[in-house]
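Data first, discussion second: the structure below is written as structure tokens.
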Amino acid sequence: MVRPEPSATNSATKYWAIRPISASERLCIQLGMRETLQIVCNRRWGSGAAALLVLTACGSSGHRFLANRDEKVYLRVPNSWHDVKLSDSLKDPVLSTTSDAKVISKTVVTTQKDAVQQTDLSGDSPFATMTVYETTGAFNQQLSASLARRVVGLVSFDPVLPAAADDGLSEVIDFNAKPTNAKVSGSHVVYRVRSDKAGDWVLTINLSTFFNPSQSRLYALEVVCSPACYDKSAAEIDKIVNSWRIG
């Protein structure tokens, strides 16, 4: 069920600290070997300093925790989800949008056995990216749920409140304006995306974002998979997303 976000509007807003998004930077998808979906936009999935501690989950031999103790961020993942190295050639979406942010920690995990680094990832298997950002200046002051979704997500627009030019490129499956993973403001959305309004859906994205301007922080968890892959892995993905804790 889609729950409306309080006080959300479709009005266009200019952000002094944010570079305008050009049409050429929208989702780019390339059909590769075995018809797997390779995401090739440089605007998404960037590199950053990973400072996460892997902890064995007490009382559960099949899971582990990805934890940033300094930031009090914890994510529980199955042991079958292995770490993936960050790729310098893939720019972080937030850092590509504004100079008023920096990556504090980033980690990527997947079930894709042959994936060693981010550039190896495909839509055949789910993968999750968890990032903590320090936010400053005008960007920090202007942070909202809609802005967080737009700068963090795989696509360069807000799937919940798309502009007219982007309407039809995404379809919201589920939306929660007040998720309980953290005590700060945030949102959770699951949506499908395609590169052509007349084309098939090519990816399903599970995106959670939280922000705390008083602490200059933006938190993001994004799980990506092809629609068929997502349907198959939905229960496991939901457990991972629901396990995410901040603070």
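The values are calculated or read from the model by the stated rules, or taken from the named source; none is laboratory data. What you see is a predicted model, and the numbers here were worked out from it, not measured in a lab. Please note: Cβ atoms are built from the backbone with ideal geometry, for glycine as well, and neighbour counts cover all protein chains shown.
Could you go through segment 116-131 and let me know if any residue there is surrounded by fewer than 22 Cβ atoms within 10 Å (Cβ to Cβ), among the hydroxyl-bearing types (S, T, Y) and in a helix (DSSP H, G or I). Yes, segment 116-131 has at least one match.
In the condition set (1) within 23 Å of D92 (Cα to Cα); (2) at pLDDT 95 or above; (3) aliphatic (A, V, I, L, M), A235 is compliant with all but (1). Beta carbons closer than 6 Å, at least 6 apart along the sequence or on distinct chains, pair a first residue in segment 106-127 that is in contact (Cβ under 8 Å) with a residue 12 or more places away in the chain and among the basic types (K, R) with a second that is surrounded by fewer than 21 Cβ atoms within 10 Å (Cβ to Cβ) and not in a strand (DSSP E or B) for K106/G48; K106/A50.
Against the numbered list (1) modelled with pLDDT under 95; (2) in a loop (DSSP other than H, G, I, E, B); (3) not basic (K, R), Q112 comes up short only at (1).
Going by the conditions given, is A148 buried (at least 23 other Cβ atoms within 10 Å of the Cβ) and either touching a His at 6+ places or on another chain (Cβ under 7 Å) or of a type in the set (G, A, S) (or both)?
Values: buried (at least 23 other Cβ atoms within 10 Å of the Cβ): yes; either touching a His at 6+ places or on another chain (Cβ under 7 Å) or of a type in the set (G, A, S) (or both): yes.
Taking the combined requirement at face value, the residue satisfies it.
Condition test on A177, is it of a type in the set (A, V, I, L, M) and under 22 Å from L75 (Cβ atoms)? Yes.
Residues being buried (at least 23 other Cβ atoms within 10 Å of the Cβ), out of contact with any Leu (no Cβ under 8 Å at 6 or more places or on another chain) and under 27 Å from S216 (Cβ atoms) are represented in segment 174-188 by at least one member.
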